[in-house]
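Q: Sharing a structure with you now.
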Amino acid sequence: MVLLKISRFLEGCLAFQGRSLLNWSPVFFALGVVFYCALPFEVPVWGISIALIVAAGWAWCVRGSALWGRVVCAVLLCVLGCADALWETRRQPDMPALPTRAVTVVGEVQSVDLLPERDEKTGEVRRLRIEGAVFDTPSDAGMPPLRRALTVRLRADDKTGISSGQRVSVRALLHPPQRPAWPGGRDMQREAWFSGLAGSGYALGGITVEGHARGAWLRRMREAMADRFYAVLPGQSGAIVATVMVGESARLSPKTRQDFAASGLAHLLAVAGLHLGLVMGSATILVRAVLVLSERAALCWPCKEIAVIGGFVLGAVYVALTGAHVPSVRALGMAGLFVVALLSGRRVMSMRSLSVIAMMLLVVTPHVVLDVSFQMSFAAVMGLIAGYEGLRAPLLKLRGEGQLWRRGLVHVVMLALTSLLAGLATLPVSMAHFGTFQPWFVCANMVAVPLMAVWVMPAGIVSVFLMPFHMAGLPIQVMGWGVTMIQWLAACVAQWPWAQSAVPAMPAWGLCCVMFGLACLCLWRGAGRWAGAVPLVLGLASICVEKPLLLVAPDAGVVAVRDGAALRVGPVSGLDRSVLADWTQALALPVQPLPEACREGLCRLSVGGRMFLLRVSGRVERSVLPSAEMCRDVVLFVSASPARGACPGVERIDRFSVWRDGAFTVYPSSDGIRLVSGRMVQGVRPWVPPPGWRGMPTLPLAPAE
């Protein structure tokens, strides 16, 4: 009887949702993709086939039940998401074997990125993405071009003129994608697998250009426009303008990124829905203003519809010009549905259009569900739509009879609400990926967004139209004045108290709880939506889970020990700075050096009531083994060099351990310690090479001896 009442209650809840249940389709599809990526092993094709058959048979058996029919649909969407992710993984080319020593790389330049200056002496550094690369060595003679791309950082003193589409030759030292800095951290191997990247490296000499540029005209046009912006606005103002107008963000300095992030204005540096909306809005207003100049057009033509279509066309050009990133593609899809709805007389903005675009992106590229830009983009739009739907009645009441002062007040309130809703929706995602909390984002956005809308973007559109006539200098300068004000605002807000508070890393399951809770709050209708607060709070509380006592880098080059409210690290070289930055962000602790005794040789260190023996310097004589006295009461021996039988019976992490299993974290347990390696978290997946495997050979094997 109780089960029957529960079943009827659930059926009533689902019936109340009506067609809005379709908005959950991308959520369950994404859950299937996340489930596939989180598995420690590869899913066999026959396993997916059996799951699909079972789900289809289950759907046939419960076709008369509304409740179980919807449950089966949710399960089927999860299985389809897992199958789509498996298919995308299988169709990626294998990772090639990269040379372990310096080699001459010959290939075609796909893009040229300007990296930010490290110091005044270094100057600008360029990074090339090279497609169809071959290695010019006798052992690689006749090799087919690589099916994956390479990124090569050029020397700072190399001023050779390079543009996309040119064939180049450069001597470089290459390395495969880096392993995670800590188990559960950012997986660059998985990102490289799905992005088509084989590895990266740096040039050892000058680059040689072979022939003229071919193809890639859109990329070359983007680079030429960025150079024009840099010429008129040197420094970070030009870098921000180039980022906003053509998507060239590589020249942004770390300080600029930090100021914008601390003030909650980082979304202004990412080409997304805001910029596309400003471009389309400005273009629509301009086209309609031109049309109404003609009396015949104003009276006989559908000026509103023509202006909207013209704005959409210009928006599509803007998205293509800025590189067609996921947030801008999402915004363009939403804008396309907006145009169709407007022309057909349907409702313009709804959660249904967002779910359609999300489903299309997930079906085509399922791995984007793990991308921070995808998560923040859809979270922001979902929060805005749900928030304005819930606040529609109070806003209409505030508007009243439409008096001038009321309309002005409504605009101010909506501006603050837009910043608040989008900021609150993306705040947990930002905390999970960037480890920061920005409490002043509403104040900064209330000033910066109007400046971007009425000053910077309109001047940018005028400058783009005037560039072919070499008359873009003044509009670009006008853009620079507005950007300077936004920079000043970001720098001021970044100095406010608690402007950028560090928070510990959120585990993957915590982020899943946050996103699912946010989906419940925004997609569910009625009072039941507040049940989404439970997984949301649970996900936010996951930052308080137990933290490791000790961390070892993937190459054993640096070791960190958590000592109370500080992270004691040593030794740190230039190659380990990125690893240390990831650790600092993950634990949200200040960095201090290890004791001098540990940096110079063997040392004993007590952490959390457990004794560790450390040999963190590779320069220590390897043949010198720790004495029995040093090994007494030790629960773990960490060595930057091979341990070679030291401290028998004691757990150890040495260079062989990290070569085999990647980075390590050490947690306390009831019986001593618990070791977690990067390979334990990553599992056996196509993008995780087994120990000793360097990649697919560039030359095919001989058919016979």
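Every number here is computed from the coordinates shown, using simple stated rules; none is lab data. As the structure is a computational prediction, the values presented were derived from the model and not from experiment. Neighbour counts run over all protein chains shown; Cβ positions are idealised from the backbone, glycine included.
Q: Which of the listed residues, G672, A640, G570, is farthest toward the dipole's positive end in region 550-682, when Lys, Arg count +1 and Asp, Glu count -1 at the beta-carbon?
A: Farthest towards the positive pole: A640.
Q: Return the whole-Å distance between the Cα centroid of region 462-518 and the Cα centroid of region 642-693.
A: First find each Cα centre; the distance between them is then 40 Å.
Q: Using the alpha-carbon atoms, what tilt in degrees (0 to 90, nearest 10) does helix 236-246 show relative to the longest principal axis of the chain?
A: Between helix and principal axis, roughly 70 degrees.
Q: Using Stokes-Einstein with the Kirkwood hydrodynamic radius over Cα pairs, what translational diffusion coefficient do you get for the chain at 20 °C and a viscosity of 1.002 mPa s, in µm²/s rounded to a whole number?
A: In µm²/s, the coefficient rounds to 75.
Q: Another question, if that's okay. Using alpha-carbon positions, what is the distance between the centroids of region 221-243 and region 538-568, in Å?
A: Computed from Cα coordinates, the inter-centre distance equals 40 Å.
Q: A further question on this structure: Per DSSP H run of n ≥ 4, the term is -39500 (n - 2.57); total these for the chain, divide by its residue number, and report the mean residue ellipticity at 222 nm rounded to 500 deg cm²/dmol.
A: Per the formula, -16000 deg cm²/dmol.
Q: Rg and Dmax in Å for region 550-682, alpha carbons only: what are they?
A: 13.7, 37
Q: For the chain, give the share of DSSP beta bridges that are antiparallel, in percent and rounded to the nearest 5; count only bridges with both residues there.
A: Roughly 75 percent of the beta bridges in the chain run antiparallel, per DSSP.
Q: Here's something else I'd like to know. So what is the orientation-averaged projected area of region 359-483, using the convex hull of its C-alpha atoms, in nm²?
A: Its average projected convex-hull area is 11.5 nm².
Q: Another one. Which aspartates and glutamates, if any, have their Cα less than 16 Å from the Cα of K547, not counting same-chain residues under 8 positions apart?
A: D563, D582
Q: Let me ask something else. With the contact rule set at Cα under 8 Å and sequence spacing of 6 or more, what percent relative contact order holds for the chain?
A: 13 percent
Q: Where does each of 217-223, 372-378, 442-448 land if you order them by average Cβ count within 10 Å, highest first?
A: 372-378, 442-448, 217-223
Q: Relative to the Cα centre, what is the charge dipole magnitude of the chain, using +1 at the beta carbon of each Lys and Arg, -1 at the beta carbon of each Asp and Glu, and rounding to the nearest 20 debye?
A: About 1260 debye.
Q: Summing +1 for each Lys or Arg and -1 for each Asp or Glu, what net charge is found among the other residues whose Cβ lies under 14 Å from the Cβ of P302?
A: It works out to a net charge of +2.
Q: While we're here: For the Cα atoms of the chain, what angle does the longest principal axis make with the long axis of helix 217-232, in degrees from 0 to 90, nearest 10?
A: With both axes taken from Cα atoms, the answer is about 90 degrees.
Q: A follow-up question, please. Where does helix 326-344 land angle-wise versus the long Cα axis of the chain, in degrees 0 to 90, nearest 10?
A: The two axes meet at around 20 degrees.
Q: Starting from the alpha-carbon convex hull of region 103-215, give the projected area averaged over all orientations, in nm².
A: With every direction weighted equally, the projected area is 8.4 nm².
Q: So, one more: Rounded to the nearest 5, what % of the DSSP beta bridges within region 550-682 are antiparallel ones?
A: Roughly 65 percent of the DSSP beta bridges within region 550-682 come out antiparallel.
Q: Once each part is reduced to its C-alpha centroid, what is the distance from region 156-208 to region 347-418 in angstrom?
A: Using only Cα atoms, the two centres lie 38 Å from each other.
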